[in-house]
Amino acid sequence: MIRIIIADDHTLFRVGLRQMLHSFAGIEVVQEATNAAEALAAANAGGAELIVMDLTMPGASGTSLIEQIRKAQPALPILVLSMHDEPGTVRRALQAGASGYITKGSSPDTLFTAVTRVGAGERFIDPSVAASLAFDTAAHAGGAAHQSLSPREWEVLRLIAQGVMLSQIAELLHLSPKTVTTHKTHLMEKLGIGNNADLIRYAIEHRLFD
């Protein structure tokens with residue numbers, strides 16, 4: 001029996017996903033979470049072999065939450081189930097510590113395969129996403145500067161681009177202000193940027209965020 005935590009902030013989606021998972025033999029949903037804090041608490045409560053989580057929920061961002069769960073419960077596999085299929089998003093989730101990635105447009109068969117394989121300690125990526133990821137990696141070899149950012153640097157960039165102050169970023173990511181400043185310095189060096197205005201302009205020009 002694979003005991004699962006579902007983490008998604010959309011009630012109707014959670015209900016449908018729970019019913020679908022319960023229809024599979026050997027799978028049981030034991031907890032649900034509607035935001036990042038609840039997801040982390042559910043992971044820390046124990047009793048589950050897998051967490052299936054969305055990337056965009058209230059609270060910590062997707063990659064930050066993945067990192068927090070991996071740090072607190074390194075033996076708990078994480079399967080991302082997201083509407084986002086952009087190669088960069090997939091890559092950052094995997095770099096942060098996710099063991100699998102599928103999209104909300106995946107078939108029930110793909111969901112079952114992902115849950116059983118990731119729940120058994122293996123890795124799994126939706127085949128269509130894997131193909132896009134492979135082509136994107138080849139296309140960007142030696143390409144855009146932001147491809148070299150670490151998952152944490154990416155999170156800091158995202159929040160700065162949204163106008164969030166460094167002190168607030170530190171609170172959101174559970175980091176010290178000094179660490180956030182260091183990440184900002186490193187990412188700006190990698191991008192060849194010297195101020196926040198140019199940083200925001202870079203993010204817009206490269207369509208890095210919604």
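The values are calculated or read from the model by the stated rules, or taken from the named source; none is laboratory data. These figures come from a predicted structure and were not determined experimentally. In this analysis, Cβ positions are derived from the backbone assuming ideal geometry, glycine residues included, and neighbour counts consider all displayed protein chains. Protein only, heavy atoms only, side chains kept; ligands, DNA and RNA dropped before computing areas. Shrake-Rupley method; radii C 1.70, N 1.55, O 1.52, S 1.80 Å.
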Selection over the stretch 179-210 where residues are among the hydrophobic types (A, V, I, L, M, F, W, C) and at pLDDT below 80 yields a count of 2
Just to verify a result, which residue in the stretch 13-39, among those that are among the small types (Gly, Ala, Ser) and either surrounded by fewer than 18 Cβ atoms within 10 Å (Cβ to Cβ) or at pLDDT 95 or above (or both), is nearest to the chain's Cα centre (by Cα)? 39
Which residues, counting only those in the stretch 151-210, are of a type in the set (Asp, Glu) and open to solvent by less than 70 Å² (accessible area, probe 1.4 Å)? 153, 155, 198
I need a count of the residues in the stretch 77-110 that are closer than 21 Å to residue 15 by Cα and either open to solvent by 50 Å² or more (accessible area, probe 1.4 Å) or out of contact with any helix residue (DSSP H, G or I) (no Cβ under 7 Å at 6 or more places or on another chain) (or both). 11
Using beta carbons and a limit of 9 Å, which pairs, at least six apart or on different chains, have the first residue in the stretch 3-27 and without any contact (Cβ under 8 Å) to a residue 40 or more places away in the chain and of a type in the set (D, E, K, R) and the second one open to solvent by 30 Å² or more (accessible area, probe 1.4 Å) and part of a strand (DSSP E or B)? 14/32; 18/32
Within the stretch 111-139, take every residue that is touching a Pro at 6+ places or on another chain (Cβ under 8 Å) and modelled with pLDDT of 90 or more and give me the one that is most open to solvent (accessible area, probe 1.4 Å). 121
Between a residue in the stretch 42-68 that is at positive phi and any residue that is in a loop (DSSP other than H, G, I, E, B), which pairs come within a Cβ distance under 6 Å, given they are 6 or more apart or on different chains? 59/35
Could you grab me the full set of residues in the stretch 108-123 that are closer than 22 Å to residue 19 by Cβ and among the hydrophobic types (A, V, I, L, M, F, W, C)? 111, 112, 114, 115, 118
